[in-house]
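See below for the structure under consideration.
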Amino acid sequence: MPESDEQHDLSDDSDYASSQQQGFGGSVYSKSAEAREFDENDACETVYSRENVAIHPTQNPAERISGQLRLIKQQSSLFLVLQLYAIKYLPFSDVHSVHRHTPPLGWQYLIIVLSSGLAYPPLYFYSGGVREFLVNLKQHVAIVRSADNTNIFLVNDFRDPLQRSLSSLELPRAIAVSKASPAHNATARYSAEGSSYVESSSASEYSGRHMPKNHDPARDISLQVLEKFSLITKFARETTSQIFQESQNKGFVYEKQHENNSSALSETMNSDKLFVSSEPLEEFDNSQLAMGEPRQDPLDAEEWAAFLDSEGRINDSNDLKKRIFYGGIKSNLRKEVWKFLLGYHLYDSTYAEREYLTSAKKSEYECLKSQWQSISTTQAKRFSKFRERRGLIEKDVVRTDRSVAYYDGDDNPHVKLLHDILLTYSFYNFDLGYCQGMSDLLSPILFVIENESESFWCFVALMERLGPNFNRDQSGMHSQLFALSKLVELLDRPLHDYFVQADCSNYYYCFRWILIQFKREFEYQKLLCLWEVLWTHYISEHFHLYICVAILKKYRRQIYTERMDFDTLLKFVNELSGKIDLDEILMEAESLCRYAGEKGAACIPPGTPPSFPSGPDQASYPENGDL
C-alpha cells in the first residue's frame, strides 16, 4: 500500500540531500561525466536494495515478475539492476526521467524513461521503498523535480522544462511516434523489451533560422504526448486503464439520462474482445438523411457591405453566419470578418466603438508584453517558470508552418511575432501558460489578421473555446472523445459495433483532428475556410465532431473490408492528411448533424469544448459620450 509519508518526500530537498551525501563523499554523477558500461571485474557498491519489486506483463494481478531492485555504484557511475527481468546494469547516464505514481488505492510504482526514447514497464514496489529509492538516487545522480509535475524527476537534464499539456500520461509499452532521425529528436519507438513514454526534445533555440519545410511529426513535445492516445496498443490501454480512471474521476461527470449509456460505454472501451466478425458490415440506411446544402461562393466585399448599417453594425448576425457557413469568406475580407467570428468585435458594435477598442486593446497588449520584456537576465535566473515557457516557445515557433511563404526564410519577422504573442499569452493566462500545439492555432490567425495586438486578442478569444483541449487533466479531450463515440453509435451503429469488436471504441485515433481542429488534415487555404465554418456555430457549436463522424463514415467500407485493428486504423487515419474533400465532408457533416437533431445534442456533455465558457469576457466598448 502507499507509504504514508510519500507526499512529504524529501528527495529534492537540497539541504536534506546534502546532509545525506556527506556519508558518500558528495559524489554526484553528472551527465558531463563520461558514460561507461558496468565492469563485472571492477569493484562496486550496492547503495540501495529492495525486494519484491515487480512488473506486470498482463492485466492479471497474479501474473507478475518480482525480483530485487538494486542501485549499484561503480567508480563515478550509478547502475540500476532488477533481477529476473531485462533491467541489468542500466547506467543512469541513459535515463531521462523517473516518474512516480501514488494511486489512491494500490501500490506505488515508478516508470523509468530512457533518453533513447524507451521506457520500462511500471515497477511496482510491493514492499514500499519508493521514497528511499529517490533519496538514494539523488545522493549519486543529479535529479530535479519537473516544475510542472512534482512526481516527475528529471535526471541529468536541467534544460528541458517538460512543459506539456499531458505530462502525466505514462505508457507501459513502447509506441512508434516518428521516424525522425534520432540525431535531431529523442522519439518514441516500439520495443518488445520496454515501454515508451517519451518526450521529443530538440536543441533548436529561437533564432528565426530557416527550418526544413518537410513536416516533422515529432516536432511538438505536447503533440507527441497527446498523440500517444492514438498510439496506445491494446496491452498499454489495458495496463493503464486504472491510471486513466484516476484522471477521469476528476473530470466531467455526464449524469442523468446518459448515466447508463456512459456506464455501458465505459465497459465497451475496456472490453477485452479481439474477435472481429467475418459477417458483412451492415449497410447504413441513408434514406432518412437529407443531403446538406451545396457549397456556395465565398462572401465577397459587396455582400459584406450589405450586412452593415450606416454606423457599422451588422444587421443580421445569424444570416451572416449562415452565409459564411455555406460559403466561407474571400481572402481579402478575412482580416475584418474573423474578428467578429472570434469574438474580438461584437456584432452590434459601431465603427467608432471598434476603433476605440482597437486602441484600448493595443495599449493593454503592450502593457502585458512589457511584463516579460522588462525581466532582466538576473531576474530570469530566479524565474524558472518564465525560462521554461520561453524556451518551449522558442523551440516551437521556428518549426511552425515554415512551408507557408508567410513564415518561410531566415530571420522571418512573422516568426518573431509568433514568439512574442505566445510568450505574452503565457503571462495573460498564467495558469494555462503555453503548451505545444498552441502555435498551430495561432499561426493561421496571425497569417490572416497581420497585426500583433489584434492577433493576440483573437487568439485569446479562440483559447476561451479551445483552452480545455490543453488541460492537464485531459477533461476537455475526454469529453469530446466520449461525445464522438456516442455520435457514431447514434449515426452509424454498425460501424460503432465494428469498432467495439476491433477494440477501437476509444476513438483515440481521432485525437489529432480534435486537438488542433484538423490543422494537419487540409491544405492551408482549405483549413482557413474550415475554421471559419466551425467558428460560425451556425447549426452546432460542436460541428467539428460531426465532421469526424462524416470522415469515418466515408471510409467505413474500407475500414471494415481491410479488417483494420487499432494500429492499422491509426495509420490509415494519419495518412488521410491532404486527401479529404472538404466540401464533400462539410455537406455530409451537415446532413448528419441535422438528422441527429436533439438526440445528437444530447450525446454531448454540457461544457464540452469548443463551447464558450460560462460568462465570457465581453469586449470593452466606451460608454455613450466617451468617444
Original post:
Could you say whether any residue in the stretch 71-82 is part of a strand (DSSP E or B) and modelled with pLDDT under 80?
Top reply: yes
Original post:
Do we find that Ser485 is part of a loop (DSSP other than H, G, I, E, B), open to solvent by less than 10 Å² (accessible area, probe 1.4 Å) and either closer than 19 Å to Thr561 by Cβ or small (Gly, Ala, Ser) (or both) in this structure?
Top reply: no
Original post:
Is it the case that some residue within the stretch 532-554 is crowded, with 20+ Cβ neighbours inside 10 Å, touching a strand residue (DSSP E or B) at 6+ places or on another chain (Cβ under 8 Å) and at pLDDT 95 or above?
Top reply: yes
Original post:
Residues Glu366, Glu388: which one is modelled with pLDDT of 95 or more and either at positive phi or not polar (S, T, N, Q) (or both)?
Top reply: Glu366
Original post:
helices (runs of 4 or more DSSP H) wholly in the stretch 290-361 with at least 2 residues that are of a type in the set (Asp, Glu) - which ones?
Top reply: 301-306
Original post:
Out of (1) open to solvent by less than 20 Å² (accessible area, probe 1.4 Å); (2) modelled with pLDDT of 95 or more; (3) within 29 Å of Ser317 (Cβ to Cβ), the odd one out for Cys529 is which?
Top reply: (1)
Subject >> Residue list for the stretch 507-526, filter: under 16 Å from the mean Cα position of the chain (by Cα) and open to solvent by 10 Å² or more (accessible area, probe 1.4 Å) >> reply: Tyr508, Arg512, Gln517, Lys519, Arg520
Original post:
In this structure, does Gly26 turn out to be open to solvent by less than 60 Å² (accessible area, probe 1.4 Å), modelled with pLDDT under 65 and on the phi > 0 side of the Ramachandran plot?
Top reply: yes
Subject >> Single match in Leu162, Leu171, Leu123 (criterion: modelled with pLDDT of 85 or more and open to solvent by less than 20 Å² (accessible area, probe 1.4 Å)) >> reply: Leu123
Original post:
If you check Ile55 against the conditions, is it at pLDDT below 85, open to solvent by less than 10 Å² (accessible area, probe 1.4 Å) and farther than 28 Å from Ser384 by Cβ?
Top reply: yes
**OP:** Inspect all residues belonging to the stretch 408-425 and state whether any of them is free of Cβ contacts under 8 Å to residues at least 60 places away in the same chain and over 19 Å from Ser453 (Cβ atoms).
**Re:** no
Original post:
Looking at the stretch 129-159, which of the residues that are open to solvent by less than 10 Å² (accessible area, probe 1.4 Å) and assigned to a loop (DSSP other than H, G, I, E, B) is modelled with the lowest pLDDT?
Top reply: Ser146
**OP:** Kindly check whether there is at least one residue in the stretch 443-458 that is under 24 Å from Ser363 (Cβ atoms), without any contact (Cβ under 8 Å) to a residue 60 or more places away in the chain and in contact with a Phe, Trp or Tyr (Cβ under 7 Å, 6 or more places away or on another chain).
**Re:** no
Original post:
Are any of the residues in the stretch 382-395 without any contact (Cβ under 8 Å) to a residue 40 or more places away in the chain and of a type in the set (D, E, K, R)?
Top reply: yes
**OP:** May I ask you to say which residue of Glu584, Glu575 is modelled with pLDDT of 65 or more and more than 21 Å from the chain's Cα centre (by Cα)?
**Re:** Glu584
**OP:** Taking the options Ser443, Ser370, name whichever one is open to solvent by less than 20 Å² (accessible area, probe 1.4 Å) and part of a helix (DSSP H, G or I).
**Re:** Ser443
**OP:** All but one of (1) touching a Pro at 6+ places or on another chain (Cβ under 9 Å); (2) open to solvent by less than 20 Å² (accessible area, probe 1.4 Å); (3) not aliphatic (A, V, I, L, M) hold for Tyr407, so report the exception by its number.
**Re:** (1)
**OP:** May I ask you to list pairs of residues, at least six apart or on different chains, whose Cβ atoms are under 6 Å apart, with the first in the stretch 309-322 being of a type in the set (Lys, Arg) and the second being part of a helix (DSSP H, G or I)?
**Re:** Lys321/Thr536
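The values are calculated or read from the model by the stated rules, or taken from the named source; none is laboratory data. Quick caveat, the model's predicted, so the values are computed rather than measured. Because the Cβ atoms are built from the backbone with ideal geometry, glycine has one as well, and the counts that use them run over all protein chains shown. Calculation scope for accessible area: heavy atoms of the full protein, side chains included, ligands and nucleic acids excluded. Shrake-Rupley method; radii C 1.70, N 1.55, O 1.52, S 1.80 Å.
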